[in-house]
1. Can you put 353, 582, 346 in order of accessible area, largest first, using a 1.4 Å probe?
2. With a point put 7 Å past each Cα toward its Cβ, work out how far residue 224 is from residue 617 in nm, to one decimal.
3. Pairs 316/618; 168/249; 249/456: which are spaced more than 29 Å apart, C-alpha to C-alpha?
4. What nm distance separates the two modelled labels at residue 77 and residue 457, each placed 7 Å from Cα along Cα→Cβ?
5. When the C-alpha atoms of region 398-536 are aligned to their principal axes, what extent does each axis show, in angstrom, from largest down?
6. Farthest toward the dipole's positive end in the chain, which of 337, 625, 178, given Cβ charges of +1 (Lys, Arg) and -1 (Asp, Glu) about the Cα centre?
7. Just want the answer: with Cβ charges of +1 for Lys and Arg and -1 for Asp and Glu, which residue in 404, 382, 115 is farthest toward the dipole's positive end in the chain?
8. Going 7 Å from the Cα of residue 84 in the Cα-to-Cβ direction, what parts of region 1-44 have a backbone nitrogen less than 14 Å from that spot?
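The values are calculated or read from the model by the stated rules, or taken from the named source; none is laboratory data. Quick caveat: nothing in here was measured; it's all calculated off a predicted structure. Neighbour counts are summed over all protein chains in view; Cβ atoms, including those assigned to glycine, are modelled from backbone coordinates with ideal geometry. With ligands, DNA and RNA removed, areas are computed over all heavy atoms of the protein, side chains included. Shrake-Rupley method; radii C 1.70, N 1.55, O 1.52, S 1.80 Å.
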Amino acid sequence: MFKMDDKRSENGAILRWEVESLSADLANRMTVKLREFQAFKILSTALGENKVNLYFEKYFKERIYPHIAQLLIVKWHHRQSLSFPETSITITDYPWLPLLTSVLPPDPSIPIYTNRTKITSNILRSVKKYLRGLGKLTSFFHQNIMSHHLLMTPVRKTIDSTYNRTEKPVIAVRYAEGIDIDTDRRSDIFWYPLSEIDPARILIYFDSTRSKTISDKVIKKIEDMGMQWVSLRPGGMGQKKRDKSWVFKRRQHPSISKDVKKKLTELYCDNLIERWFVEAGINLLRMVDYWQAFFHDYNIKIHYDPEESGLNNITKNIALDLLGGFSMGKERSYLSYPQGGVVLGFYPNHVFFVWNKKSSQYLTANYNQNQNDYVIISGFTNDNSFEKIKGKSIIIRQRLLENGAKFIVALFDNVLSMNDGLYQLIYTPYMLKFYKSFLEWVINDREVGIVIKSKKSIVLEAIPQIYPLLERAEKTGRCFRMPNEFGSLPSSAAFAADIAVTIGLSLPATLIESVLAGCRGIHYDATNIKPFEKELYEWGYEKVIFDDIDRMIAACKRYKENPELEPCLGDFAEHINELDPFRDGKAGWRIGTYLRWCLEGFDAGLDCEAVLQQANTKYAEKWGVDKVIDVRSLQQATQ
């Protein structure tokens with residue numbers, strides 16, 4: 001019964017933004033209370049207070065989010081004076097639950113109960129027995145319970161492994177989006193071409209279940225480029241690749257955190273929450289040990305990982321701190337979400353590359369989350385793919401023109417919902433009307449064509465009602481669906497169109513990419529981002545952003561018949577510098593050059609901070625002092 005649907009906060013925006021904001025705020029308050037514990041002081045002294053804060057804020061937010069969503073859904077029904085089957089909230093009785101109840105504003109009209117599950121009871125009982133020194137039970141506890149509730153790293157089987165620690169520092173890249181650099185697909189090494197970095201100093205590593213699907217062709221391509229590769233899943237890539245696996249052998253890898261664990265276990269804790277925190281802290285140390293060992297064994301000083309969710313990105317960064325290295329990240333989706341913790345812990349990189357000034361301001365406005373050290377403006381990071389894409393797009397456009405189209409629209413959708421509606425993205429009826437409006441237009445107007453670039457195949461699968469219209473539209477020969485939705489870039493559809501139309505939670509990256517590719521672009525704001533995009537609404541309302549799909553369709557039809565009737569429709573010309581101040585197809589080159597400077601700094605024997613300062617200075621001299629933002633200086637200025 002708990003579903004977001006089209007429920008709105010009092011400011012008119014979708015309820016999800018309020019859930020995100022409140023969850024982040026409560027997670028922050030819960031973490032503040034942890035600071036009172038001696039265990040927290042011991043852990044933060046060893047690992048860094050900012051990182052430990054961020055780790056537990058993200059930990060709490062991910063766990064309380066569904067409960068806060070339920071709470072606000074019930075509150076919404078009360079506010080609307082509507083009856084609702086659910087009149088109370090049931091929360092799993094985690095050991096840290098008193099922290100949540102202590103910061104959650106009481107509401108007598110919505111009672112909160114705890115669900116004392118068998119697992120929860122085992123957790124509490126095991127924590128107590130652990131603190132009494134029962135080592136055998138501790139081992140069982142770690143392997144069977146804590147892995148689910150305290151983020152324990154699974155125990156790895158010991159097998160033979162080989163690795164070569166190079167004399168010179170290495171850039172490690174977690175395989176996620178692929179390593180193609182000559183196609184129109186996203187790539188994990190988009191920054192490599194023209195960087196002049198020795199490929200032997202790049203290590204591609206595989207660490208997910210996707211490793212099983214890595215083909216020999218991918219491995220051969222990595223080797224042909226002269227790069228290194230390794231699997232962190234022994235045996236997970238097949239027997240032939242077994243000799244290229246790395247295994248964490250705790251006894252063979254000295255642990256800097258060993259003394260810290262000893263201090264934590266020797267603490268006397270008469271507080272149940274602190275007992276839980278001690279165990280959670282020990283598991284954090286275990287994960288840091290794992291990544292610290294991996295980074296040490298391969299002499300990794302720079303790390304790139306596009307992963308946003310989960311806690312591994314934070315533990316990896318802590319390990320890099322201990323070894324004097326740094327992580328880099330890039331803006332993948334346009335940062336136009338509402339302020340207030342939406343991306344809490346998503347981009348905790350030491351150096352983060354963004355498209356424009358607005359994105360840099362977005363991150364630095366969240367500096368209290370201690371996520372970044374430096375934010376660098378590099379321009380749109382996929383701009384080097386534009387020239388590669390145009391050829392295929394022209395073929396698609398020509399095909400539609402040959403079938404009678406004179407005006408072509410590129411349609412971009414977004415994901416609907418997840419987890420029974422608690423993580424509602426786009427309300428299904430809005431998506432249904434979005435597609436229905438354009439498909440009917442194509443069917444009824446022989447001069448109109450559309451190119452559909454869906455976010456994922458599951459989007460259209462989630463609205464089967466649209467298939468009869470979709471089939472009719474495709475039979476006209478003027479409706480084309482981009483294959484491999486998830487892998488292809490939005491610009492591949494934009495280059496074939498006269499105007500791009502998007503729908504999403506906020507201003508989507510698909511719109512920005514389409515506009516930067518030279519296409520006109522408009523956005524259907526089904527979720528009301530006006531409270532967060534006031535400037536855009538001031539200059540672009542019913543020009544580039546619409547909150548009524550019927551009025552948007554009408555404007556498109558007027559433009560199609562006579563562009564002079566709607567000269568400003570989809571026109572970002574006066575604001576194009578705000579999207580990308582470079583627009584030269586060289587964002588990847590700028591990032592790669594920055595990384596090369598960093599490698600040269602490490603080669604010269606500089607420590608990590610000196611390496612980054614030197615690279616920042618060179619970048620500022622070459623591309624402007626306004627393109628380098630020292631986030632820590634902003635923090636100090638406000639303290």
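1. 346, 582, 353
2. Calculated label separation equals 4.2 nm.
3. In this structure, 249/456 lie more than 29 Å apart at Cα.
4. Inter-label distance under the simple model: 3.7 nm.
5. The Cα atoms of region 398-536 stretch 43, 33, 27 Å along the principal axes, largest first.
6. Positive-most Cα among the choices belongs to 178.
7. 115
8. 1-10, 15-16, 18-19
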